[in-house]
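The values are calculated or read from the model by the stated rules, or taken from the named source; none is laboratory data. Just so we're clear, the structure is a prediction, and the values are computed from it rather than from any experiment. Heads up, the Cβs are rebuilt from the backbone with ideal geometry, glycines too, and the neighbour counts pull from every protein chain shown. Calculation scope for accessible area: heavy atoms of the full protein, side chains included, ligands and nucleic acids excluded. Shrake-Rupley method; radii C 1.70, N 1.55, O 1.52, S 1.80 Å.
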Amino acid sequence: MTANPTTVAHSTRPGIVWISSYPKSGSTWLRLALASLRRGGAPVRINGFKEGQEIPGANRPLFDRLCDVDSSDLPADVVLAARPHMFRMVAAGLSHNVFCKVHDAFVRVGDGSFLFPPQVTVGAVHVCRDPRDVAVSLAHHMGITIDAAIGTMADPRYGRFETRPGLSRGLPQAILTWSANIDSWCDAAAFPVTLLRYEDMHADPVTTLARAARAAAMPAEPDALLRACAATRFDVLRDQERAEGFDETPPTARSFFRKGTAGGWRDVLSRAQQDRILRDHGATMARLGYV
């Protein structure tokens with residue numbers, strides 16, 4: 001499934017591969033698989049896989065250092081408008097392609113420029129997941145009720161994470177609603193976007209990872225794909241987190257790699273909750289084959 005007709009790289013110079021998703025849709029799982037694939041299918045450590053391979057998409061310390069400003073003194077819309085400058089500065093110093101995880105919608109900011117500059121883009125992969133499963137996972141992740149999570153998914157103002165108690169290391173983000181977020185990437189015309197469904201990552205991980213690799217302009221030998229998928233099975237990642245912890249687990253959640261299932265919402269959501277999600281997001285769900 002592709003958002004655009006092609007999945008060729010946009011830039012011929014070292015640049016950024018955007019790994020985008022609405023929160024709790026499977027992008028971390030994909031990032032780990034890509035990190036393993038980049039190493040020929042070698043095992044990856046969940047707390048060390050980003051080193052030299054990724055840049056953060058909404059990290060306040062990085063923004064402050066590159067832009068030489070204290071972002072906590074700036075309004076959210078000013079920070080959002082300046083984030084493309086941060087990405088351009090990062091790309092200018094790259095010697096190889098890097099991944100960048102983002103939860104933002106594909107939007108224009110400030111003077112009308114794209115939040116994610118096409119000039120520094122190699123490719124983009126957007127991961128989507130059935131919003132009924134997202135609601136359950138988001139509730140556990142944020143430590144809120146499922147009804148509150150469903151409300152968050154329909155809130156166009158959603159775009160702020162508190163990653164540590166009393167301190168926000170995350171910049172303001174334009175996450176928007178679940179539907180608006182996905183539609184923005186599906187309709188993006190600035191560069192090719194490959195759309196991956198979380199459910200397909202479960203059903204056919206090798207083929208799905210191969211598609212992501214093509215979008216990222218990465219080599220993907222069959223044996224390496226098989227090894228990478230085996231190295232990043234959900235149970236392997238969950239066992240690592242239980243043994244070592246995971247630096248992306250928020251203080252509101254007991255674990256990051258909780259269940260990793262597709263369709264578990266059927267055992268959790270009430271009929272009223274299912275109906276509300278369908279009212280809020282039915283058109284986009286149909287677009288992706290979820291209804």
Return yes or no: is Ala253 at pLDDT below 90 and either in a loop (DSSP other than H, G, I, E, B) or surrounded by fewer than 21 Cβ atoms within 10 Å (Cβ to Cβ) (or both)? yes
What residue, among those in segment 158-171 that are closer than 15 Å to Val79 by Cβ and assigned to a loop (DSSP other than H, G, I, E, B), is modelled with the lowest pLDDT? Phe161
So, in segment 12-40, of the ones that are open to solvent by less than 10 Å² (accessible area, probe 1.4 Å), in a loop (DSSP other than H, G, I, E, B) and not hydroxyl-bearing (Ser, Thr, Tyr), which residue ends up farthest from Cys229 (Cα to Cα)? Gly15
So, Arg45, is that one surrounded by fewer than 17 Cβ atoms within 10 Å (Cβ to Cβ) and in contact (Cβ under 8 Å) with a residue 60 or more places away in the chain or not? yes
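Being within 23 Å of Asp187 (Cβ to Cβ) and of a type in the set (A, V, I, L, M, F, W, C) narrows it down to one residue among Val90, Val122, Val98, Val136; which is it?
Working: Val90 fails: within 23 Å of Asp187 (Cβ to Cβ); Val98 fails: within 23 Å of Asp187 (Cβ to Cβ); Val136 fails: within 23 Å of Asp187 (Cβ to Cβ).
Selected residue: Val122, the only one of Val90, Val122, Val98, Val136 that is within 23 Å of Asp187 (Cβ to Cβ) and of a type in the set (A, V, I, L, M, F, W, C).
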Please work out which residue is modelled with the highest pLDDT, limiting yourself to segment 121-157 and to residues that are open to solvent by 60 Å² or more (accessible area, probe 1.4 Å) and within 20 Å of Ala58 (Cβ to Cβ). Pro156
Determine, yes or no, whether Leu226 is within 14 Å of the chain's Cα centre (by Cα) and at pLDDT 95 or above. no
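In this structure, is Pro219 surrounded by fewer than 18 Cβ atoms within 10 Å (Cβ to Cβ), under 30 Å from Pro14 (Cβ atoms) and either out of contact with any Gly (no Cβ under 8 Å at 6 or more places or on another chain) or modelled with pLDDT of 95 or more (or both)?
Values: surrounded by fewer than 18 Cβ atoms within 10 Å (Cβ to Cβ): yes; under 30 Å from Pro14 (Cβ atoms): yes; either out of contact with any Gly (no Cβ under 8 Å at 6 or more places or on another chain) or modelled with pLDDT of 95 or more (or both): yes.
Judged against the criteria, Pro219 is a match.
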Does segment 58-81 contain at least one residue that is assigned to a strand (DSSP E or B), β-branched (Val, Ile, Thr) and farther than 22 Å from Phe234 by Cα? no
Mind checking which pairs have a first residue in segment 109-136 that is among the acidic types (Asp, Glu) and a second that is part of a loop (DSSP other than H, G, I, E, B), Cβ under 8 Å, 6 or more apart or different chains? Asp130/Ala262; Asp130/Gly263; Asp130/Tyr290; Asp133/Thr261; Asp133/Ala262; Asp133/Gly263
Which members of segment 91-120 meet the condition of being under 13 Å from Arg13 (Cβ atoms), hydrophobic (A, V, I, L, M, F, W, C) and open to solvent by less than 50 Å² (accessible area, probe 1.4 Å)? Ala91, Leu94, Val98, Val120
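State which residue is surrounded by the most Cβ atoms within 10 Å (Cβ to Cβ) when the search covers only segment 175-216 and only residues that are under 30 Å from Leu80 (Cα atoms) and among the charged types (D, E, K, R).
Looking only at segment 175-216, we keep the residues that are under 30 Å from Leu80 (Cα atoms), and these are 175-198, 212-216.
So of that shortlist, the ones also among the charged types (D, E, K, R) come out as 183, 187, 197, 214.
Values: Asp183: 19, Asp187: 11, Arg197: 21, Arg214: 17.
Ranking the qualifying residues of segment 175-216, first place goes to Arg197.
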